[in-house]
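These notes are about the structure you will find just below.
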Amino acid sequence: MAKKTSTVSSILDSIDLTAEPRSMGIVKNFSDGIMFTEGLDDVQLGELIDLGSGHMGLALNLETDQVGVVALSSAKHLQAGDPIYRTGKILSLPVSSDVLGRTINSLGEAIDGKAAIQADKDMPLEKIAPGVMARQSVSVPLQTGVKAIDAMIPIGRGQRELIIGDRATGKTAIALGTILNQSDQDVICVYVCIGQKRSSLAQITQVLEDRGAMEYTAIVAATASDTAAQQFLAPYAGQAVAEYFLEQGKDVLIIFDDLSKHAQAYREISLLLRRPSGREAYPGDVFYLHSRLLERACRLNKDHGGGSITALPIIETQANDVSAYIPTNVISITDGQIYLESDLFNSGMRPAINVGLSVSRVGSSAQLKCMKQVAGTMKLDLAQYRELEAFAQFSSDLDERTKAQLDRGFRVNEVLKQGWDTPLKVEEQVAVIFAAVNGYLDKVDAEKVTEWEAAYLDYMHASNQDLLDQIKTDGKIEDKTKERLDKSVETFNQINSQFMIEEQA
Amino acid sequence: MKNITITTAIELTSAKKTSLESKISKKVGSKAKFSYKVNPNLIGGITIAIDSKLYDGSVKYKLETIKQALYSNL
């Protein structure tokens, strides 16, 4: 008790009660979360404003005779004529490694019911992206665990790859699967949830916890019932968290789910601030909104720590329209897109990736040699298959060569099907794709390819784990490894005749 | 020409007002327009707002400062 009293008295002694001048504004009107004030003469753009009772606002509109302040929380106590004060601080987030495994909001407050985040450093939400000379080109792969992506649309660490598609096509599923696959990749993950339902966020958190992914993941959430200002700030908050780890030289994966809702929140704020609106009622700077965010995802060179931030923004299209305003904006900013189609999804192709329209502008520079060796011709084979697909109905009237191409293409396509929560390691993907492109699946019953794949992988793990490890360590397929792979698949096919096409008697 | 608003918890006597005005005018240097408000929420003390700069010498503000210091350090 005596110790507590002396702590209290020492704190009391250190308090400075002199009246420092505070820059103040008087609220003229306050509606829909936006207030216009007079005063605040020397306020800075984007500065935090103290609204009283612990509430904060952001000064976003600096006009000659008034300042537009966006309230970051409800601030119901405010009335016309009330004073609000400058804080002198630009919006920043307290971050430390404590944030891993936690869910925070755009202001850095913990919203998962546990203790507050201990701050190691204040990271600014708005920051100028690293310059040209600080960067290095992307060459290290980011393994998503999804065969279709890692083989044909490979993503590298430091790249921005857009995941775009209609609702319920599996965009979030790909993002989550990628997070799950980073368990042994030494990559920190940040999942930014913008405008989603709280139930969805709860499900996602549960999945990540159950699979042990929360150890290396931080979640920044501004759900649908949070203010538009918080939804607007959430991606920048997530970026600030990612940059904390980037500065330590780590590799970070950040997922923005989704930027369409982010643009809508920004549109809401801009219209309430009476800023002029443009196409689809979005403000004129909606491109800059996303470009300044995504430019901060980069790979730094050795002099600057060698870390990287890989960004996977998600955009939801309406009726597969990729030529709408926001989708075209973000497509032109990112280094490629993964295009998901609802037709493919409904016909059973999951992940519903349209390999023809999807592209990765970093491409094979971010692919391991072993993957390049097997997947090199896959995209071409699939493109030829798609061209011939229309003729599949006439399969009895086609020549042998075309039939063979159709059969091969169908099986390669089947191999690309995958469960959203079953990411495959690189060596497993290489083994499966090797079998597919080298014709070992040609004799397998078309309907049983997925079963074949599961059984084959079990067989490889049971009998040839050292071969898989060899592929992983070498990073490429040596001649000896290729021989062993050939033998393993042949042996497997011989043992498991239940998957083979029944010979017509 | 500065707008100066003086807010107190209780009504000031005119003698007090005159002495305040002369002291503040000397400090500020330029001509000033004074207006007075009474806000019992301040509990005691005085706040002087010069244009949009506020000098908060109210008892309420001092108590708030103590409260913040104790909350953040204990």
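Observations
- Extreme residue, positive dipole direction of region A:215-300, given options A:SER270, A:ALA218, A:PHE245 (C-beta unit charges): A:SER270
- For the protein assembly as shown, the dipole from Cβ point charges (+1 on Lys and Arg, -1 on Asp and Glu) about the Cα centre works out to 3100 debye, to the nearest 20.
- Eligible lysines near B:LYS27 by straight Cα distance, threshold 22 Å, same-chain separation 8 or greater: B:LYS2, B:LYS16, B:LYS17, B:LYS37, B:LYS53
- Inter-probe distance in nm under a simple model that places probes 7 Å from Cα toward Cβ, at A:GLN393 and B:GLU21: 9.6 nm
- Ranked packing of A:325-334, A:474-483, A:227-236, most packed first, by mean Cβ within 10 Å: A:227-236, A:325-334, A:474-483
- Beyond 30 Å in Cα-Cα separation lie the following of the pairs A:LYS89/B:LYS67; A:LYS369/A:LYS443; A:LYS121/A:LYS369; B:LYS23/B:LYS62: A:LYS121/A:LYS369.
- Along the axis of the charge dipole computed for the protein assembly as shown (Cβ charges of +1 for Lys and Arg, -1 for Asp and Glu, origin at the Cα centre), the listed residues A:GLY409, A:PRO124, A:THR37 are led at the positive end by A:THR37.
- DSSP assigns beta bridges within the protein assembly as shown; of those with both partners inside it, close to 60 percent run antiparallel.
- Semi-axis lengths, Å, region A:237-293, gyration tensor of Cα atoms, sqrt of 5 times eigenvalues: 29, 10, 9
- Placing unit charges on the Cβ atoms of the charged side chains and taking the dipole of the protein assembly as shown about its Cα centre, the candidate lying farthest along the positive direction among A:VAL489, A:LEU17, A:LEU382 is A:LEU17.
- Between region A:408-464 and region A:218-295, the alpha-carbon center distance in angstrom: 39 Å
- Using the Cβ-Cβ distance between A:LEU45 and A:ASN438 with R0 set to 41 Å, the FRET efficiency works out to roughly 0.10.
- Based on the Stokes-Einstein relation at 37 °C and a viscosity of 0.692 mPa s, and on the Kirkwood radius from alpha carbon pairs, chain A is assigned a translational diffusion coefficient of 130 µm²/s.
- Straight-line cross-link partners of A:LYS197 among the lysines, defined as a Cα under 30 Å from its Cα and at least 8 positions apart when in the same chain: A:LYS76, A:LYS114, A:LYS127, A:LYS147, A:LYS171, A:LYS261, A:LYS417.
- Size of electric dipole in region A:297-442: Cβ of Lys, Arg +1 and of Asp, Glu -1, about Cα centre, debye, nearest 20: 580 debye
- Pairwise FRET efficiency - A:LYS76 versus A:THR422, Cβ, R0 = 51 Å, nearest 0.05: 0.60
- Computed from the alpha carbon atoms alone, the convex hull of region A:291-345 holds 90 Å³ per residue.
- Each listed q (0.13 Å⁻¹) maps to a log10 I(q)/I(0) for region A:376-453, found by the Debye formula over equal Cα scatterers with no solvent: -0.40.
- Projected over every direction and averaged, the convex hull enclosing the alpha-carbon atoms of region A:171-245 yields 4.9 nm².
- Cα shape, region A:264-384, gyration tensor, a/c 1.5 rule: oblate
- Projected over all directions and averaged, the alpha-carbon convex hull of region A:427-505 occupies 5.1 nm².
We did not get these values from a lab; they are worked out from the coordinates using the rules stated. Just so we're clear, the structure is a prediction, and the values are computed from it rather than from any experiment. When we count neighbours, we look across all protein chains shown, and the Cβ atoms used for this are built from the backbone with ideal geometry, even at glycine.
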